[in-house]
1. Please work out how much length the chain gains when fully extended from residue 163 to residue 85, using 0.36 nm per residue of separation minus the C-alpha to C-alpha distance, in nm with one decimal.
2. Output ³J(HN,Hα) for the stretch 43-57: one whole-Hz value per residue in order, computed from phi by the Karplus curve 6.51 cos²θ - 1.76 cosθ + 1.60 with θ = phi - 60°, and x for Gly and Pro.
3. Given a Förster distance of 35 angstrom, what is the FRET efficiency for residue 236 paired with residue 283, based on the Cβ-Cβ distance and rounded to 0.05?
4. Within the stretch 124-167, what residues put their amide N at less than 16 Å from the label point 7 Å along the Cα-to-Cβ vector of residue 27?
5. Given a Förster radius of 51 Å and the C-beta distance between residue 247 and residue 270 as r, what FRET efficiency does 1/(1 + (r/R0)^6) yield to the nearest 0.05?
6. Taking 8 Å as the Cα distance limit and 6 or more residues as the minimum spacing, I'd like the relative contact order of the stretch 164-280 as a percentage.
7. Return the long-range amide H neighbours of residue 156 (sequence gap of 5 or more, or a different chain), with a cut-off of under 5 Å between placed amide H atoms.
8. Could you go through the stretch 124-135 in sequence order and give the Karplus-derived ³J(HN,Hα) for each residue, using 6.51 cos²θ - 1.76 cosθ + 1.60 with θ = phi - 60°, rounded to whole Hz, and x for Gly and Pro?
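The values are calculated or read from the model by the stated rules, or taken from the named source; none is laboratory data. Fair warning: this is a prediction, and the values are worked out from it, not measured in the lab. Using ideal geometry, Cβ is built from the backbone for each residue, glycine included, and neighbour counts are taken over all protein chains shown. Surface accessibility is based on the protein's heavy atoms, side chains included, excluding ligands, DNA and RNA. Shrake-Rupley method; radii C 1.70, N 1.55, O 1.52, S 1.80 Å.
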Amino acid sequence: MTSETTPETTSGTASGTTSGTASEHETIRLPRELDDVPGWFPVLDQLLFDWLLDRQENAEEKGDLLEVGVYMGKSAVFLGRHLREGEAYTVCDLFESDAPDDANAAEATKSYRSTLTRRAFEANYLSFHDELPRVLQGPSSIVPGEVEPGSCRFVHIDASHLYEHVEGDITAAREVLRPGGLVVLDDFRSEHTPGVSIAAWEAVLNRGLNPVCLSTQKLYGTWGDPEPVQEALLEMVGRRNDCHLSNQRAAGHRIIRLKSKGMKAPVFPKSRHWTPQGPPAPAPQPSSRPRRPRNPARELAVDLLPPLLTRTIRRARSGGRRTG
């Protein structure tokens, strides 16, 4: 499948990229750790990404990685950690490019146009990795013409929320995935993204997509047999006490729903900009007025005076306040 849009592609290293200048990069606040990268990537999904990708790698399942819709790179950075030798990693986003239609342009302007730039994504990604993935700058419709069919083991879709675009992204995912590969659909249940919900469940009901599990934000699925990974997932979750589990059936599919219960994020390496925080500075001590040095002769004179005169002197010394 070809596209009328010619994508801009790039690669780069941590010492420099092909977009932006050195002075431009100085204006970007570089992340010290993954949480510093702007974006939406809940702890539960971090755990599921880690577990599913580790399972593929332990089973020696080969294949490339693809993320469609990267925003500032939070999940892309996380996914890049699972790239193995001999595999390719491709990401696709509009960045500053024009949207393919008015509806998508309005969506981009409302959601992220003021903050999303390619150089910000690249700077964030290279804060954690030595090299960039292959970057496709353009609409997600260019993916089928740029990614080899049957080449991917894991595809994450977090791009447009419009039904027509999501439906096309799901079609593209099916084309590029290897047998048994996994697709993850973001925002399939958010109240502001009905287009994603319709496209996702349409794929389940009419296009052969089998749910593996549902998180609070993402649908994990495969066009292969979901049972082996579901059984392994249930076993893994059963050993944890930080995850709510619901196991039910709907329209002939087993639906495993998961929800975090105080879950902590998987350990992820710090960025190259990380510096340990020093101990907190000691709290400043409250200042106190220096005490006047004692004058034994004056104290003796006061003690020898009549009581009424002594009280008058002491009241004058205390600024007029009564002392007793």
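1. The span from residue 163 to residue 85 would gain 24.5 nm if fully extended.
2. With the stated coefficients, the stretch 43-57 comes to 4, 4, 5, 4, 4, 5, 4, 4, 5, 5, 5, 4, 5, 4, 5 Hz.
3. Once rounded, the FRET efficiency stands at 0.15.
4. Residues 124 qualify, since their backbone N sits under 16 Å from the label point.
5. 0.90
6. 20 percent
7. Here the answer is 66, 67, 68, 184, since their amide H atoms fall under 5 Å of that of residue 156.
8. 3J(HN,Hα) across the stretch 124-135, in whole Hz: 5, 5, 6, 6, 10, 10, 7, 9, 6, x, 6, 9.
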